[in-house]
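Let me begin by presenting the structure, written as structure tokens, before commenting on it.
The values are calculated or read from the model by the stated rules, or taken from the named source; none is laboratory data. In this text, all values refer to a predicted model and were calculated from it rather than measured experimentally. FYI the Cβ positions are ideal-geometry reconstructions off the backbone, even for glycines, and counts take in every protein chain you see. Ligands, DNA and RNA are stripped out before the accessible areas are found, and what is left, the full protein with its side chains, is counted by its heavy atoms. Shrake-Rupley method; radii C 1.70, N 1.55, O 1.52, S 1.80 Å.
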Amino acid sequence: MQSNLVTEDKQKNKLEKSFEILKTMASKPSGLIGLTIVLFHVVLALISPYIAPYDYKAISPNTMLLAPSAEHWFGTDSLGRDVFTRTILGGRTALTVTFFGSLIALLWGGLLGIFCGLVGGKIDDVVMRVVDAFLSIPWILAMLLIVSLLGTSTEVLIPALGFFYGKGIVRVARAATHDVIAKDFIVSARARGHSNMSIIWNEIIPNVRDAILVEGAMRWSWMLLGFSSLSFLGFGVSPPTPDWGLMISNARGLMSFAYWSVIAPIVGLSSLIIGINLTADAFAKALGIDRSTKAPV
Amino acid sequence: MNEIIESVKNLSIGFNSQKGKQISILRNVSTNIKKGETVGIVGESGSGKSTLALAMMGYIKQGLFPLKGECLFKSEDLLKMSSRQLEKIRGRKIAMIPQNAGQALTPNLKIGYQIDEALRLHTDLNKTERDKKISELLNKVRLPSPETMAFRYPHELSGGQQQRVAVAMALAGKPDLLLLDEPTTGLDVTTQAHVLELLRFIAKDTGTSMIYVSHDLGAIAQVSDRIVVMYAGEIVLEGPARKILKEPIHPYTYGLLKSIPKLSLAGLPASMPGSQPQPGSINEGCSFYDRCNLATDHCKKNSPDLEHIKELDTNVRCFNHKELINQNNNLQTSITKKSNNSEAIEVLKLKDVSISYAKQKFFDQLLNKISDQNPTVKDINIDIKKGETIALVGESGSGKSTILKSIAGLLKTKDGQIKFENDRLLSSDLKMRNPNDLRAIQLIFQNPDESLNPNHTVEQILSQPLKLYFNLSGEELKKNIIDLLKKVRLGEFYMSRYPRQLSGGEKQRVAVARAFAAKPDIILCDEVTSALDVSVQAAVLNILQQLKEDLGTTYVFVSHDLAVVRAISDRVAVLYQGRLCEIGPSQNVYKFPSHPYTEVLLGAVLEPDPDIKPKLVAEDIVEEKPPEKGCSFQGRCPRKIGDICNLEVPPWQIGENGNAIRCHINIDELASLQQ
């Protein structure tokens, strides 16, 4: 009789399991919309160099600030560059930088959080106070300092963003670990004499992985906003590379008579952020983590 | 007396599965509750007993819905009422007492205020009348000093007292029907017996009908007039309590009664094979077919109806119940254990062990002062012989699990020594122990849901100790895992399953297999059967005993259940407030003379027999701290002789049976007192 149930809930390999999670996420409208937006942006970022109708850096005084038309779908900007071309290319740097930035944030934040949660005591106290201290520094000021000292290359931006957005993950990972280490299977592993590393790897990570991944997805969207703010302030991507933050910053003065050059990058940026947010929420629901009961840190 | 106040007719309750299939949890249940009658609903977890009880007050859990049938309370269907109408009935006509009163009471409101709230809602009394009524109610549930009790907060009361407050609140609206959902399950044995006695008194005194839901046939036997046995969402047996308990004519009930360990029997109880079918998995035939030893081909195809048997006044759902009547069945049998051929080598010695949870204060540490003079566990001396099963018994707070943890190295001892094999000192710090000592001592926990990593397959769980201690890998690892599974009577195909795909008993068997994977000398069992259903508990006990006989492992078995301890142990140590009271061979500890605390414990055991009533000798107050001087049991002892008990630690006396008792009363005198 028991076996009936088990045949239904058959052994699934990892690929099938991820597919199952994706299916659950897409089963609700919000999750489906989120996934579609994210997928759209990722595909666009991959193929945009091949489909872009114009050269993104071709300046021409003849085509300055043209309104949207059949030739220039989203119009042109103050230097005569095609806004459509620049918009579809504008997400590439942001996506790459923030994706790798989030990975770094997840890795160091997650591992440090788990370690602190497990060992506890004085080490935990000291590390958490340091993390708190960093949380109290306005990140944008600190980022500006780093960027002005080390430059705005991606080699600087990725680890710097990764560091600043990982602080919050430390707290989430630590809290998730605290939930797990009270359980008897951790006590059992301890009593058997497993090392801390082995306990973290075998017993804790499989149980906190979901919570940390969801948090990482959330951080990704925040980081995207942060990165675009840096570009907006002129500390992110350097011109003439197309970037949404930079485009908004350049075009905002002309908003009153050339709205098209600012609207397209805004739509691009906000739709991606909303998409990632919706996806992260659907992901959390599919994994059975209720974000609403956990205070954001 | 014969007026029916609630009747359930053909009730089915179910839910929609993810695949859109309708799955029923309750199937065609019909029963009547008469005025003034106490009906016990008994069944294992998942049998639908709580769903039925909640439906009887018109409540259906979220996600479930009634498929057909009705719940008539005084000829009105509760399931069709609006929430407005139900509000008028709940609390006034039907009241409920929850399982965990500690969680049901609001923690930041005083007891009196909470009872007052119930009175305001359900009666028309004015303020002074209500105040009078509150102390009347508190008096009725026999709480000490009702006047001051009303001004206390829930956390200031013990578990038993909280349960009494819940009873008082339920009685506030003078209900016709009281619903009790496992009201004594979380309580200590002595407290449980007192609360049951109170409930029985209230039923008689007020004439309230009661529905008592429990998995514990012992508790049901004490309070019920009539018993309803549920299995897989159906009523399988229903009738007068005495008949059900003495002459069960359904094979499930019969097996259930046989699988309960009893105080009067030394051996292990017989176990029932298999486990209860999951909802929705029964397509045809009798739901008990898989586990039944009377089953025929007829049972496989056809599901039996509830059949009324006049001479017994009983309803039974079985084709072959006549065979059970004809068989001269004796419920009082058990499997005899092989007596342990302990070679009298001591493997583990606890010498003057004290354990304290209090942290040493910073200044005391500097001055090298011992701050805690009154540790949680004190002066424990136990020598454990190779191959024996020694049980540590006591109520919650008796320090039995604490001792176990410090043997495992999870808790540092404050004083004393733990010696292992040939008097070698075992460090109380886990990190200072060598890997071989860690391997030699293994733990099994109470709740397998918590002790097995939910994200690991059974294979991964069992490979942890094998990899750690024996460095196995590949084919050899797999072979060992299959061997281990075989030892706990699980098939090879369990390897790829996750804990959530196993039943409670299967999970605990995996936990047992994991402990044995280390080839340990000593296994520490912490309440290993408390979280399991009775029929499953017997199977786990049998496996533990079998493995011990085969492998010569030593068990240190911690339990609050004296009957279980009686079934499995060779020697018993009784603890109260972290101090030893009595220790000796188990057959002697269960005989008199015994320490007054053992006497109290034995008296409070609930047996599934209406003729054996618990003997309540001591108050059920719970002490929070062990006394600083004198005997640990001085506060509750029914045989206290005077100041000497408060001032001097009693001496050990050894009885003629070989059990040692720590009491000021001369052992011969104790024997004559307890006759």
Exercise. Would you work out the relative contact order for region A:143-297, in percent, from Cα pairs under 8 angstrom that are 6 or more residues apart?
Key: 24 percent
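Restricting attention to region B:586-663, which trypsin sites (Lys or Arg not before Pro) occupy a DSSP loop and are surrounded by at most 11 other Cβ atoms within 10 Å? Intermediate results must be reported in sequence, preceding the final value.
Values: sites: B:591, B:615, B:629, B:636, B:639, B:640, B:662; in loops: B:591, B:615, B:629, B:636, B:639, B:640.
Sparse-neighbourhood loop trypsin sites (Lys or Arg not before Pro): B:629.
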Quiz prompt | Over chain B, relative contact order from alpha-carbon pairs under 8 Å, at least 6 apart, % | solution = 13 percent
Quiz item: Per the Cauchy relation, a quarter of the hull surface: what is the mean projected area of the convex hull of the alpha carbons in region A:233-294, in nm²?
Solution: 6.2 nm²
Quiz prompt | Point-to-point label distance, residue A:259-residue B:124, nm (Cα→Cβ direction, 7 Å offset) | solution = 6.8 nm
Exercise. Take A:19, B:557, B:15 and sort them by solvent-accessible surface of the protein heavy atoms, 1.4 Å probe, largest at the top.
Key: A:19, B:15, B:557
Quiz item: What does the accessible area of residue B:129 come to, in Å² to the nearest 10, when a probe of 1.4 Å is used?
Solution: 90 Å²
Exercise. In nm, give the distance between the simple-model label positions of residue B:77 and residue B:201, each being 7 Å from the Cα along the Cα-to-Cβ direction.
Key: 4.2 nm
Exercise. For region A:62-91, state which chymotrypsin sites (Phe, Trp or Tyr not before Pro) are in a DSSP loop and have at most 15 other beta carbons lying within 10 Å of their beta carbon.
Key: A:73
Quiz item: Tell me, what ³J(HN,Hα) does each residue in region A:26-40 have, in order and in whole Hz, if you take phi through Karplus 6.51 cos²θ - 1.76 cosθ + 1.60 with θ = phi - 60° and put x for Gly and Pro?
Solution: 7, 6, 9, x, 4, x, 5, 4, x, 4, 4, 4, 4, 4, 4
Exercise. Give the ranking of B:265, B:551 by solvent-accessible surface, highest area first, calculated with a 1.4 Å probe.
Key: B:551, B:265
Exercise. On each of the three principal axes of the Cα atoms of region B:47-176, give max minus min coordinate, whole Å, ordered largest first.
Key: 49, 32, 23
Quiz item: Can you give the accessible area of residue B:550 in Å² (nearest 10), computed on protein heavy atoms with a 1.4 Å probe?
Solution: 100 Å²
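Can you show me the helix-derived [θ] at 222 nm for chain B, built from DSSP H runs with n ≥ 4 at -39,500 (n - 2.57) apiece and divided by the number of residues, rounded to the nearest 500. Each step should come with its number before you reach the end.
Details: 26 runs with 227 residues, N = 675.
Taking each H run of at least 4 residues, the total per residue is -9500 deg cm²/dmol.
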Practice problem: Run the quick spin-label model on residue B:310 and residue A:154: label points 7 Å from Cα toward the beta carbon, then report their separation in nm to one decimal. | Solution: 9.1 nm
Exercise. Count the DSSP beta bridges whose two residues both fall in region B:119-266, then state the antiparallel fraction as a percent rounded to the nearest 5.
Key: 55 percent
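Take the Cα pairs of chain A, get the Kirkwood Rh, then feed it into Stokes-Einstein at 10 °C and 1.306 mPa s and tell me D in µm²/s. Kindly include the intermediate steps, with their values, before the conclusion.
On the way: Rh = 21.5 Å.
So the translational diffusion coefficient is about 74 µm²/s.
If you average over every viewing direction, what projected area does the convex hull of the Cα atoms of region B:501-624 give, in nm²? Don't skip to the end; give the middle numbers.
On the way: hull surface 38.7 nm².
Average projection, Cα convex hull of region B:501-624: 9.7 nm².
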Practice problem: Name the lysines eligible as straight-distance cross-link partners of residue B:300: C-alpha to C-alpha under 19 Å, and not fewer than 8 places from it in the same chain. | Solution: B:322
Quiz item: What is the mean projected area of the alpha carbon convex hull for chain B, to one decimal in square nanometres?
Solution: 33.9 nm²
Self-check item: Gap separating the Cα centres of region B:594-673 and region A:60-128, nearest whole Å
Solution: 73 Å
Quiz item: Taking region B:370-432 on its own, what percent of its Cα-Cα pair distances exceed 20 Å?
Solution: 30 percent
Self-check item: Accessible surface of residue A:200 - all protein chains present, 1.4 Å probe, nearest 10 Å²
Solution: 10 Å²
Quiz item: Using modelled backbone amide H atoms (1.01 Å from N, in-plane), which distant-in-sequence or interchain residues come within less than 5 Å of residue B:41's amide H?
Solution: B:212, B:213, B:214, B:228
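If I require 15 Å or longer along the helix axis, counting alpha carbons, and a Kyte-Doolittle average no lower than -0.5, what helices from chain B are left? Use full DSSP H segments.
On the way: long enough: B:111-122 (17 Å, -0.13); B:127-140 (19 Å, -1.68); B:159-171 (18 Å, 0.28); B:189-206 (26 Å, 0.36); B:458-470 (18 Å, 0.37); B:474-487 (20 Å, -0.69); B:504-517 (20 Å, -0.16); B:534-551 (25 Å, 0.57).
In chain B, the long hydrophobic H runs are B:111-122, B:159-171, B:189-206, B:458-470, B:504-517, B:534-551.
Rank by packing, highest mean first: peptides B:486-496, A:219-229, B:602-612, A:131-141, with packing defined as the count of other Cβ atoms within 10 Å averaged across residues. Walk me through the numbers before you get to the answer.
Working: B:486-496: 15.7, A:219-229: 22.4, B:602-612: 19.4, A:131-141: 12.5.
Put in order of decreasing packing, that is A:219-229, B:602-612, B:486-496, A:131-141.
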Self-check item: Positive minus negative residues near residue B:529 (Lys, Arg vs Asp, Glu; Cβ under 12 Å)
Solution: -3
Self-check item: Inter-centroid distance (Cα atoms) of region B:208-280 relative to region B:536-578, Å
Solution: 23 Å
Exercise. May I ask you to compute the full-extension gain from residue B:616 to residue B:519, defined as 0.36 nm times their residue separation minus their alpha-carbon distance, rounded to one decimal in nm?
Key: 30.5 nm
Quiz item: Taking Cα atoms, how many degrees apart are the long axis of helix A:121-135 and the longest axis of chain A, rounded to 10 and kept between 0 and 90?
Solution: 10 degrees
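Using the Cβ atoms and a cut-off under 15 Å, what net charge is assigned to the surroundings of residue A:261, where Lys and Arg are +1 and Asp and Glu are -1?
Residues close to residue A:261 contribute a combined charge of 0.
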Practice problem: On a 0 to 90° scale, report how tilted helix A:139-150 is relative to the longest principal axis of chain A, with both axes built from alpha carbons and the result rounded to the nearest 10. | Solution: 70 degrees
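Across peptide A:173-186, what mean number of C-beta atoms from other chains lies inside 10 Å of a residue's C-beta?
Details: counts 0, 0, 0, 0, 0, 0, 0, 2, 0, 1, 8, 13, 15, 3.
For this peptide, the per-residue mean of nearby foreign Cβ atoms is 3.
Take the Cα radius of gyration of the protein assembly as shown and divide it by 2.2 N^0.38 Å, with N its residue count; two decimals is plenty.
On the way: Rg = 34.0 Å, N = 972, 2.2 N^0.38 = 30.0 Å.
The reported ratio for this selection is 1.13.
Compare A:16, B:395, B:459, B:656 by solvent-accessible area with a 1.4 Å probe and give them largest first, with all protein chains kept in place. Could you put the intermediate results ahead of the total?
On the way: A:16 95, B:395 10, B:459 70, B:656 180 Å².
Ranked from most to least accessible, the order is B:656, A:16, B:459, B:395.
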Quiz prompt | 3J(HN,Hα) from dihedral phi, region A:212-220, Karplus parametrisation 6.51/-1.76/1.60, rounded to Hz, x for glycine, proline | solution = 5, 4, 4, 4, x, 4, 4, 4, 4
Exercise. Compute the distribution of all C-alpha to C-alpha distances in region A:144-196, in bins of 5 Å from 0, and list the percent of pairs in each, rounded to whole numbers.
Key: 4, 16, 15, 12, 11, 10, 9, 8, 8, 6, 1
